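Reading through the C-alpha cells given below for one structure.
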Amino acid sequence: MPTISQLPAATTVSATDSLPLSQAGTLRSISVGDILQSAQTAITINSNTLLGRASLGSGGPEQIDIGLGLTFDGPSLRATGSDHAIFPTASGLDMTADLVTSRSGLPELLPVGQLRGLFSAGPNITISSAGLISTAPGTGSVDSTNFGSLINTLEVATSLSPGDLIPIGQSAGGRAVSYAELLGGLTIDQAQAAGAPSDSDTFWVSQNSSLLVRQTLSSVWTWFAQKLTSYFPPVADLTVNTTLDGKLHNGHLLVCSQPLTISAPTGLTGSFACTVLNASSGTITFSGGFVTSAGTASILPWQTATIYGVVYAAGSASVLSIPYQSSANNFSETVAGLTLTTPSPSTIGAAWQPITSSTSAVSYTVLYRVSGSSSWAIAATSQLTTTALVSGLTAGLSYDVAVQASNGAGSGPVSTYRTITMPTVQATTVPASVQGVTATVMSSTSVQVSWLAQSGATGAANYTVQYKISGASTWTGSLSGITSPTTLVSGLQPNTSYDFSVLAANTSGTSAPSAIITAHTATAPNAVSSITWNLPPSGPYSIGSGAIGVNAHVTPSNAAIQFGVSNSSSVAPTSWTAAVNVNTDLWGAYVGTPANAGNYYMWAEGTDGSSQTVYANPFTVR
C-alpha cells in the first residue's frame, strides 16, 4: 500500500470527496461535506473590536466595538478620556457634587464641599459655609505691613459713586466708609446758599486734567469778553418769500438777495430779534402780523430793518423797526380813493384807486390800528391788486385803515386813513371743519385747492390754506384771508409731494383743520438752469413801432425759454413771448415794443418759470 506522501496531490476539494475513517476499528469512508457538517464556522472580526455576545438569548459570538474613550494598548484595554467631551456641562458648582480625582494611580470621588478644607481665611476675611469669601471689618487688626501691597494687586476703579466703600483703619481695626460719608454727603442742593456774586467768588474747575483747581468769576468774565470780539452773528440768505421762525432766525442777519415778502412769525413762545438787509435790486416788503414803528412796511435796496418778537404779560407782538428811509427813495405817490366795508364782524374790506403815473409796477401795503392808538400793524402786502381784507378784528371796536404804495424806487407816504366801526353781531360758535377738500395739480409749481363753502351764522367768514412737503412735521406755508372756496397755491417745488389742509374762521374762532389732501406737482419740462444774455435790448425805441429783437444762450441747450417786458427790475412781466431755437443753445424772439413811453426791463425765463433772469440795464421807449 502506498504511503500518503506517495499519493498524487488533489488540485480541488469538493463536499462529495471521500476520506478514510476508522470507526470502531473498522475502516470506513466519509465525504468531506459530512465531516465538516458539525465543525465551527470561521470567525472574522475588525481590528479594535472584541468577540462576545451582545444579543439576548443563546447564540454564536458577535463583534463588539470597544466604544468612545477606550483603546487597545497592546493586549490591554485602556481608557483615553475622550468620552468626556460628550458629558453635559454643569450649570454651577454644587456642594453635593463629586469631582473625580486620582490618588496613587487609583481613581477617587471627592465631594466639592471638601475643597473648603484647602483654604483658610486670612486677617479680616471670612469664608461662609457656602464657600463665600468676603471682608470682615472689625474682626482683627489691620496688617499695615502688607496692606499697601494688597491694594496694589486690586483692579483700579475709573469712577466713584456715593455708595462705593473705602477701607479705613479705626480703633486698631479695619473699617469701611462710603464715599458719600467720606465727603460728608454734601450735594449741591444741600450747600448753603451763596450771596450776591462778586469778582472774587471761586468755584471748582478741571483744567487740562481731572484734577480740581480754583477759578474766579472775574477771570471767567475776562475770558468771555475776549471771545465776544471774535463772535460773528450768523447769516441766512433769503431768496423766496419767508415766514419768520422765532427759533430758526433769532440773532441772525437775514440777507435778501431777491425781492421778496417777509411774514411775521406765529405762535411765539419767547422773545427774539433779527436784522433784515435788502441786498436785492428791488423792494423787500413785510406782510401782515407786524406792528411798524415807521408807518411803512418795506425797505429799499441796501436798507435794513430790525425785527423784535416779544412775549409779555398782555400777549405777544412782532415789531418792525425801520430807523431811516434813504434819500434815494424816488417814489412819492400817495394812494387815493380808499373805501372800507365790513363783510363780517371781524373783517374789513379795503379798496383804493390804482396809481397809474408810475413807470414801474406798484405794490400796496395795507396798515391798520385800533382808533386812538399810535402804532400801525401790517394787514397785507399785495402786488398790483387794489383790494385787500383785514381779518381777525374785534366786533364793536373802531379801526383806522391806511394804504401805502411802493415800487422799485421806494415807498410813498401813507395815505389818509379811514375809520370804520365793526358790527357787534358775532357768530355764536366756531365753524365746523372744512369738508370736500380737493387738490388739483396745475403745473410743476402750483396746485389749485378747492373745498365746500360754508354759510350761515356758524359758517366761515374766511379760510386759511396751509401746506407743507409731505413727511414734514410742521406746516411751512399758508394763505389766509381767503373768502372764496378755492385758491391757487404757487411757488412750489417741481416733482414734489405736498400736503394741504384748510381751516375756516369766523368771529368766534377757527375750526379744526380739515382732512389732509396730498398732491404731487408735475415734473418741470426741460427746466432751465441758466440764461446768459447774448443780444439784449439797447434802445431807445419808438412807442409801438415794430418789435425788439433779443436772444440768449440757454443751459440745457434744448430747454425752451420766453421773453417779456416789465417796467420793474423786481416785478416780472405779466405776458411773455415764446422764443425759438436759433442754433445750438441760442434762443431768440421778437418782443413787441411797449405802447407807453418810459424805462423798461427785458426779462427771460424757462417756459416753466425756471431760472427767471432780468437784464440789468433798462431800455427807453419814447
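The values are calculated or read from the model by the stated rules, or taken from the named source; none is laboratory data. In this text, all values refer to a predicted model and were calculated from it rather than measured experimentally. Note that we place each Cβ from the backbone using ideal geometry, even for glycine, and neighbour counts take in every protein chain shown.
General remarks:
- Top-ranked residue in segment 312-334 [being more than 21 Å from residue 287 (Cα to Cα) and of a type outside the set (Ser, Thr, Tyr); ranked as modelled with the highest pLDDT]: 313
- Identity of the residue in segment 53-108, under 26 Å from residue 42 (Cβ atoms) and of a type in the set (A, V, I, L, M, F, W, C), that ends up nearest to the chain's Cα centre (by Cα): 66
- The sole residue among 67, 74, 57, 52 that is farther than 30 Å from residue 114 by Cα and touching a strand residue (DSSP E or B) at 6+ places or on another chain (Cβ under 6 Å) is 52.
- Residue count for segment 454-477, restricted to those that are within 19 Å of residue 431 (Cα to Cα) and within 32 Å of the chain's Cα centre (by Cα): 4.
- Matching residues, segment 549-584, being surrounded by 16 or more Cβ atoms within 10 Å (Cβ to Cβ), in a loop (DSSP other than H, G, I, E, B) and β-branched (Val, Ile, Thr): 571
- Residues satisfying the stated conditions in segment 270-286, i.e. at pLDDT 85 or above and either in a loop (DSSP other than H, G, I, E, B) or in contact with a helix residue (DSSP H, G or I) (Cβ under 9 Å, 6 or more places away or on another chain) (or both): 271, 279
- Among the strands (runs of 3 or more DSSP E) confined to segment 44-132, the ones with at least 3 residues that are of a type outside the set (Gly, Ala, Ser) are located at 49-52, 62-65, 70-73, 98-103, 106-111, 125-127.
- Qualifying residue in segment 523-532 (condition: under 30 Å from residue 596 (Cα atoms), surrounded by fewer than 17 Cβ atoms within 10 Å (Cβ to Cβ) and either without any contact (Cβ under 8 Å) to a residue 12 or more places away in the chain or touching a strand residue (DSSP E or B) at 6+ places or on another chain (Cβ under 8 Å) (or both)): yes
- In segment 217-262, the residues that are touching a residue at least 60 places away in the same chain (Cβ under 8 Å) and either not assigned by TED's automatic domain parsing to the domain that holds residue 287 or not in a loop (DSSP other than H, G, I, E, B) (or both): 243, 261
- Of all the listed residues (557, 575, 569), the sole one being under 19 Å from residue 357 (Cα atoms), assigned by TED's automatic domain parsing to the domain that holds residue 609 and not hydrophobic (A, V, I, L, M, F, W, C) is 569.
- Residue satisfying condition, being at pLDDT 80 or above, of a type outside the set (A, V, I, L, M, F, W, C) and surrounded by fewer than 16 Cβ atoms within 10 Å (Cβ to Cβ), within set 337, 267, 309: 337
- Qualifying residue in segment 28-35 (condition: within 30 Å of residue 112 (Cβ to Cβ) and surrounded by 10 or more Cβ atoms within 10 Å (Cβ to Cβ)): no
- The residues listed here are 546, 598; of these, the one that is more than 14 Å from residue 534 (Cα to Cα), outside the structural domain of residue 493 (by TED's automatic domain parsing), over 47 Å from the mean Cα position of the chain (by Cα) and loosely packed, with under 13 Cβ neighbours inside 10 Å is 546.
- Considering segment 353-403, the qualifying strands (runs of 3 or more DSSP E), each wholly inside and each with 1 or more residues that are modelled with pLDDT of 85 or more and over 30 Å from residue 619 (Cβ atoms), run over 363-370, 387-390.
- Test: residue in segment 387-398 that is under 30 Å from residue 614 (Cβ atoms), surrounded by 16 or more Cβ atoms within 10 Å (Cβ to Cβ), touching a residue at least 12 places away in the same chain (Cβ under 8 Å) and touching a Gly at 6+ places or on another chain (Cβ under 6 Å): no
- Test result for residue 411, assigned to a strand (DSSP E or B), outside the structural domain of residue 609 (by TED's automatic domain parsing) and modelled with pLDDT under 85: yes
- Restricting segment 481-497 to residues that are small (Gly, Ala, Ser) and either more than 20 Å from residue 527 (Cβ to Cβ) or surrounded by 13 or more Cβ atoms within 10 Å (Cβ to Cβ) (or both), the residue that is farthest from the chain's Cα centre (by Cα): 484
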